[in-house]
Amino acid sequence: MAGAGLLGRVRAIRVLLDPVQMALLLVLLTILVVFILYPLLQVLAVAFTADGRVSLIHLRNFFARPLFREALAASLLSGVLAVVFGSLVGLPLAYFSVRFQFRGRLLLQTLGILPLVIPPFVGAVAFQQVLGRSGMVNLLLQEHFGVTIPFMEGLAGVVLVQTLHYFPFIMLNTAAALANLDPSLEEMAQNMGCHGFRLFRRVTLPLVLPGYVAGALLVFIRVVDDLGTPLMLNYTKLLAPQAYLRITTVGLNDVDGYVICVIMVVLSLLALWGARRYLSLGEYATVQRGTTGASLARPVRGWRLLLVWVVSGSLLALALLPHLGIAVLSFARIWSFSVLPVQWTAGNYGEILFRTPHFVKNTLLYSLLAAGIDVLLGAAIAFLLVRGKVVGRSVLDAIATMPLAIPGVVLAVGYLRVFHGWDFPGLGQPLTASWLILVVAYSMRRLPYTVRACDAAMRQIHASLEEAAMNLGSNRRRTFFKVTFPLMLGGLVAGGLIAFITSSVELSSTIMLVPRMEMGPLAYGIYIYMQSAVGRGPGAALGVVAILLVLAGTVALNRIFSRGTGTAFKL
Amino acid sequence: MGSQPFAAKAAEVRIEGVSKRFGETWAVREVTLRIGRGEFFTFLGPSGCGKTTLLRIVAGFAVPDAGEVCFDEERVTDLPPWRRNAGMVFQSYALWPHLSVQENVAFGLRERRLPAAEIRERVVAALALVGLAGMERRRPSQLSGGQQQRVALARTLVVEPRVLLLDEPLSNLDAKLREQMGHELTRIQRELGITTIYVTHDQEEALGLSGRIAVMDGGRIVQEGTPQEVYHRPARRFVAEFVGVSNVFPGTVREASPGRLVAEVPGIGLLEASPDHAALPQPGAPVLLSVRPEAMTLWGPEEKPAGKNAARGMVRASTFQGASVEYEVLLEGGRPVRVSTATPKGQRPFPPGATVTVCFDPADVILIPPEAR
Ligand SMILES: Nc1ncnc2c1ncn2[C@@H]1O[C@H](COP(=O)(O)OP(=O)(O)O)[C@@H](O)[C@H]1O
Ligand SMILES: [Mg+2]
């Protein structure tokens with residue numbers, strides 16, 4: 001008996017050390033450690049050592065500086081405010097779009113995602129044109145009432161732009177949770193005598209909470225990470241711009257920049273940690289098969305319908321202002337101190353298509369490469385996570401998920417620290433001197449999403465499908481290419497598209513990592529153009545291109561996979 | 001409250017001419033039923049025949065396009081679900097995942113604004129009734145399927161509903177557990193004397209548990225009666241074939257007198273039946289004769305017991321099932337029949353290929369009235 005037990009254990013160990021899977025695991029781990037874990041650890045190391053010893057002195061210095069304390073408070077505040085205001089906008093829209101039947105519901109569901117297709121820093125410019133000190137609205141106010149309202153001044157402007165850009169995260173995640181809610185859970189409550197607002201408070205709300213929290217968490221993390229908006233609005237008393245300014249002006253060896261990075265990571269982690277309890281609840285309340293799919297959407301009429309229309313109409317109008325503003329600006333020759341442009345032109349498009357075509361070309365190149373890398377890595381990681389048996393898979397999962405909590409600025413700082421000043425093997429120059437650094441940054445930042453998409457696709461393929469193929473005489477490799485891969489294709493393309501869409505408008509890490517002007521992608525181009533008054537037209541034209549790119553990707557995503565709008569933007 | 005924890009104020013349920021349509025499909029069509037106080041009544045029918053829809057109309061989740069629903073003398077057709085006090089147990093149990101067992105069961109009592117002490121007492125009693133004492137703190141996800149089912153039942157019973165509505169409550173349980181829960185359900189139902197409407201597509205369940213059954217097909221009630229009536233006197237070919245297994249022979253009446261009917265069945269010849277109906281079909285009229293497999297016996301090729309219907313055929317397949325042997329026999333006229341015989345002691349069953357005589361008593365031939373269209 002003991003012999004058999006020993007044999008069994010040896011066999012079990014052999015499975016855990018399967019050489020092919022082990023090799024794959026090692027390759028993946030190396031990549032993830034080099035490009036995610038190690039740079040992050042370097043940032044930590046710099047922040048926590050002084051004179052070669054572990055020390056908290058830099059941290060203490062951080063809190064001793066009023067500017068930094070203010071930046072921390074402002075970052076926290078902007079995150080919280082964006083969540084609060086984003087909830088005020090997103091929650092009613094989510095409820096309307098799922099629970100009410102009315103004319104315009106589809107429009108609401110479709111338009112609700114549009115704010116996300118405009119990069120926030122592009123939106124910032126557009127808001128300046130419309131709501132800024134000498135923007136459309138204030139000029140009209142000045143003309144007719146002799147007053148102006150400082151919508152865009154200071155932190156208020158940043159929060160306004162971020163709220164209207166990020167609220168769809170809350171709307172989409174909440175709407176998905178609502179739509180997935182098993183109707184019998186609410187019917188049962190009615191059956192027990194509960195209805196109206198009590199029903200909402202006692203049953204609906206607690207069950208939708210995980211979805212809502214996921215959305216709110218995304219908003220908070222993105223807002224803290226957002227570098228483009230504050231830079232565009234010239235409000236730098238926030239963590240991300242402070243880190244950026246320290247590193248770019250004081251230098252790569254300025255310790256304060258690293259400490260700020262650590263603080264940002266801690267903020268993200270705290271948010272994740274606080275939300276953890278709710279996120280794990282998410283799975284239970286979804287529709288069970290076999291229930292009569294009674295749709296809980298009910299028709300609204302009369303004053304309620306009017307209310308729904310007015311509320312969703314005005315919120316959407318506000319959220320779509322930047323799209324309008326940027327479109328107008330892109331055709332403007334001169335647009336300052338006037339309600340509408342004085343002169344119109346198509347020349348801005350000529351400029352970006354013929355004089356600086358590299359911005360668009362670079363974006364396509366980098367984003368496609370990053371998407372490709374993500375699909376490969378995502379598929380391999382998902383394969384090991386779902387089908388693999390080797391030890392160490394959970395480490396892989398943990399590292400691949402980390403970028404969710406690593407702000408773009410932090411990753412960029414880590415890369416500069418690690419890859420600066422030495423020739424990368426096989427490249428003949430430092431990695432940071434090559435445009436490849438951007439591709440690496442994009443692919444690592446989006447990896448968690450692709451891993452999730454591939455993982456989900458992989459889990460839907462029952463192992464018996466593969467076993468059936470092997471049983472019929474197909475070997476491992478043929479089985480993979482004939483059965484597994486075709487079945488996974490949907491998930492792979494979805495993951496790739498998500499990576500492509502989000503990479504094409506990535507700014508936080510881009511600004512810090514672009515080695516030379518002509519290697520900059522679209523987002524960088526917009527940033528550069530927007531620095532000068534004459535550049536605003538071409539900058540806006542690039543913005544329109546960015547919007548169209550993201551829109552096309554999003555439409556493709558929804559067309560191909562019909563998973564409902566906003567798959568790319570759900571946690 | 002008395003000694004019973006729940007003095008269910010059972011109601012009589014009347015469904016009068018109820019119809020419900022979804023787009024082009026009629027889910028429920030002109031259904032009229034009277035379900036007595038304290039009765040265990042079952043809607044039985046294949047999937048998609050409208051059972052759930054009818055139950056949801058009684059619960060108030062769906063409003064009928066036509067017809068009325070009454071609890072005792074009260075017309076409830078337009079009452080919203082939360083004002084009906086009709087307790088439902090969903091097929092999926094619909095336990096709230098964010099609440100503990102205790103909170104799930106207490107939910108309806110809190111809605112009724114009962115004092116906290118009474119709520120606690122009644123929750124304990126309800127959980128004891130379904131055999132789950134001591135599970136108060138658990139979350140639904142920490143319970144097995146059978147336990148979840150019991151919590152769902154306790155949660156519904158604890159509010160003392162006027163009628164208990166069960167939608168395929170056993171369908172998510174495995175076979176052993178299903179039987180056990182079925183017994184328990186009837187015990188609790190009898191103990192409480194609560195009017196119960198039970199929905200199932202499983203004829204064994206329906207026959208075993210119910211006081212009366214309504215067999216549904218395409219949104220209509222095709223037969224209503226006790227399990228015995230439905231099984232032994234199917235009103236239609238559909239009922240004969242859906243409730244249990246039947247061999248159905250279409251034929252033409254040749255002779256008809258009280259207690260004796262002879263019909264000619266193509267490919268078999270003359271078959272005799274001894275109907276006890278008053279309404280006999282006329283000679284020349286088409287009839288359907290139905291015979292249950294267990295009413296048939298098999299004999300050697302040359303044997304023919306007196307006074308029985310007999311037809312020769314060949315065994316195509318036989319399956320040993322322990323207490324019985326199931327045969328598929330191809331009659332000489334080309335018609336296959338299913339035969340179920342008690343396992344003969346010390347004898348081997350007829351092997352496939354054997355020529356046999358299939359016999360059955362005229363008293364076991366069920367006359368199915370011609371379809372009313
Ligand atoms: N909410 C609904 N919308 C559209 N059709 C429905 C709906 N509910 C039920 N039906 C249809 O009504 C018929 C009866 O359904 P149901 O009552 O669920 O049957 P059963 O419970 O007997 O399986 C089916 O054809 C079903 O497709
Ligand atoms: Mg049903």
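The values are calculated or read from the model by the stated rules, or taken from the named source; none is laboratory data. Since the model is a prediction, treat every value here as computed from it, not as a measurement. Using ideal geometry, Cβ is built from the backbone for each residue, glycine included, and neighbour counts are taken over all protein chains shown. SASA here: full protein model, heavy atoms, side chains in, ligands and nucleic acids out. Shrake-Rupley method; radii C 1.70, N 1.55, O 1.52, S 1.80 Å.
Summed over region A:58-79, the residues that are open to solvent by less than 70 Å² (accessible area, probe 1.4 Å) and either farther than 15 Å from A:VAL266 by Cα or of a type in the set (Phe, Trp, Tyr) (or both) give a count of 7. State whether one or more residues within region B:50-61 are crowded, with 19+ Cβ neighbours inside 10 Å and away from chain A (no Cβ under 14 Å). No; the residues of region B:50-61 include none that is crowded, with 19+ Cβ neighbours inside 10 Å and away from chain A (no Cβ under 14 Å).
The rows are residues; the columns are (1) of a type outside the set (Lys, Arg); (2) open to solvent by 30 Å² or more (accessible area, probe 1.4 Å).
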position: B:ARG220; (1), (2): no, yes
position: B:THR226; (1), (2): yes, yes
position: B:TYR231; (1), (2): yes, yes
position: B:ARG237; (1), (2): no, yes
position: B:ALA240; (1), (2): yes, no
position: B:ARG254; (1), (2): no, yes
position: B:VAL265; (1), (2): yes, no
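Quick one: in region A:382-400, of everything that is at pLDDT below 85 and either basic (Lys, Arg) or closer than 18 Å to A:SER268 by Cα (or both), which residue is nearest to the chain's Cα centre (by Cα)? Selected residue: A:ARG393. I'd like the residue in region B:27-54 that is assigned to a strand (DSSP E or B), over 18 Å from B:LEU209 (Cβ atoms) and not basic (Lys, Arg) and, out of all such residues, is nearest to ligand 1 (Cβ to nearest atom). So, considering only residues that are assigned to a strand (DSSP E or B), over 18 Å from B:LEU209 (Cβ atoms) and not basic (Lys, Arg), the one nearest to ligand 1 (Cβ to nearest atom) is B:ALA27. Residues that are assigned to a helix (DSSP H, G or I) and either within 9 Å of B:PHE61 (Cβ to Cβ) or more than 7 Å from chain B (Cβ to nearest Cβ) (or both) within region A:176-188 comprise A:ALA176, A:ALA177, A:LEU178, A:ALA179, A:ASN180, A:PRO183, A:GLU186, A:GLU187, listed in sequence order. Out of contact with any His (no Cβ under 7 Å at 6 or more places or on another chain) and either within 16 Å of ligand 1 (Cβ to nearest atom) or open to solvent by 60 Å² or more (accessible area, probe 1.4 Å) (or both), is that true of B:ASP78? Yes, satisfied.
Here the condition is being in contact with a His (Cβ under 7 Å, 6 or more places away or on another chain) and among the hydrophobic types (A, V, I, L, M, F, W, C); of A:VAL265, A:VAL259, it holds for A:VAL259 alone. Restricting the search to strands (runs of 3 or more DSSP E) fully inside region B:126-224 and requiring at least 3 residues that are within 14 Å of chain A (Cβ to nearest Cβ) gives B:163-167, B:195-200.
Select from region B:33-49 the residues that are open to solvent by 10 Å² or more (accessible area, probe 1.4 Å) and within 13 Å of ligand 2 (Cβ to nearest atom) and write down the one among them that is farthest from the chain's Cα centre (by Cα). So, considering only residues that are open to solvent by 10 Å² or more (accessible area, probe 1.4 Å) and within 13 Å of ligand 2 (Cβ to nearest atom), the one farthest from the chain's Cα centre (by Cα) is B:GLY48.
Matching residues to (1) among the hydroxyl-bearing types (Ser, Thr, Tyr); (2) in contact with a Lys or Arg (Cβ under 7 Å, 6 or more places away or on another chain); (3) not in a loop (DSSP other than H, G, I, E, B):
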residue: B:PHE238; (1), (2), (3): no, no, yes
residue: B:VAL248; (1), (2), (3): no, yes, yes
residue: B:GLY267; (1), (2), (3): no, yes, no
residue: B:LEU280; (1), (2), (3): no, no, no
residue: B:VAL287; (1), (2), (3): no, no, yes
residue: B:PRO305; (1), (2), (3): no, no, no
residue: B:GLY313; (1), (2), (3): no, no, yes
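Within region A:495-550, the set of residues being in contact (Cβ under 8 Å) with a residue 60 or more places away in the chain, among the charged types (D, E, K, R) and open to solvent by 20 Å² or more (accessible area, probe 1.4 Å) comprises A:GLU518, A:ARG536.
Conditions (1) open to solvent by 10 Å² or more (accessible area, probe 1.4 Å); (2) within 14 Å of another protein chain (Cβ to nearest Cβ), marked per residue:
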residue	(1), (2)
A:MET192	no, yes
A:VAL203	no, yes
A:VAL213	yes, yes
A:MET232	yes, no
A:GLY251	yes, no
A:ASP256	yes, no
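Checked against (1) away from ligand 2 (no atom under 16 Å from the Cβ); (2) touching a helix residue (DSSP H, G or I) at 6+ places or on another chain (Cβ under 7 Å); (3) among the small types (Gly, Ala, Ser), B:ALA59 meets all criteria but (1). Please enumerate the residues belonging to region B:88-115 that are more than 7 Å from chain A (Cβ to nearest Cβ) and either open to solvent by less than 40 Å² (accessible area, probe 1.4 Å) or acidic (Asp, Glu) (or both). Within region B:88-115, B:VAL89, B:TYR93, B:LEU95, B:LEU99, B:SER100, B:VAL101, B:GLU103, B:ASN104, B:VAL105, B:ALA106, B:LEU109 meet the criteria.
The residues of region B:141-183 that are among the small types (Gly, Ala, Ser), away from ligand 2 (no atom under 16 Å from the Cβ) and under 19 Å from the mean Cα position of the chain (by Cα), listed by number, are B:ALA175, B:GLY182.
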